[in-house]
Amino acid sequence: MYAIIEACGKQYKVTKGDVVFFEKLDAEEGKKVTFDNVVLYSDDKKVQVGNPYVKGIKVEGKVISHGKGKKILVFKYKAKKNYRRTQGHRQPFTKVEITGIKLPAAKSEEKVEEPAAKESATKTTTTRKTTAKATEKAAK
């Protein structure tokens, strides 16, 4: 069983027990994090694809640590002008362990579907009423 979630502007394929590195999240170490934006969910039998997200499915995780990534060098250079600048950058990240994928209860799905069916059955179409002036104009 796995899910593809959308977090921090990227998509991640996660399963229970995975350790994933996200962009810096505003959560303390040891706290639980919930991801609601599930793009795709798959178990052994079927695949659910969201439009844009799958409703009712949540992915839960636990923040393990925060840190900084490997250093990269940014070098700016302009030819023949003696302009050289070197700058370093370390991207912050949050290390999260996925603790589980929560599925909606079967009872709640049935309750959600019933009101939608009733609403569609009660909708009626309205007809336009024409006035005497409108029929006279149409006849001309």
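Going down the table (16/68; 55/95; 31/55; 45/71; 46/71), which pairs top 32 Å between alpha carbons?
Values: 16/68 25 Å; 55/95 26 Å; 31/55 24 Å; 45/71 43 Å; 46/71 42 Å.
In this structure, 45/71; 46/71 lie more than 32 Å apart at Cα.
Full extension of the chain segment joining residue 64 with residue 47 gains 3.2 nm, where the gain is 0.36 nm per residue of separation less the Cα-Cα distance. Under 5 Å from the amide H of residue 93 lie the amide H atoms of 67, 68, 69, each residue being 5 or more positions distant or on a separate chain, with H modelled from the backbone and absent for Pro and chain starts. Per residue, the Cα convex hull of segment 1-91 amounts to 145 Å³.
Pairs of Cα atoms under 8 Å, at least six residues apart: use those to get the relative contact order of segment 2-107, whole percent.
Normalised by residue count, the contact order of segment 2-107 is 32 percent.
Amide H contacts of residue 56: none lie under 5 Å away among residues 5 or more positions distant or on a separate chain (H built 1.01 Å from N in the peptide plane; Pro and chain starts excluded).
We did not get these values from a lab; they are worked out from the coordinates using the rules stated. Only a predicted model underlies this, so the values are computations on that prediction, with no experimental measurement involved.
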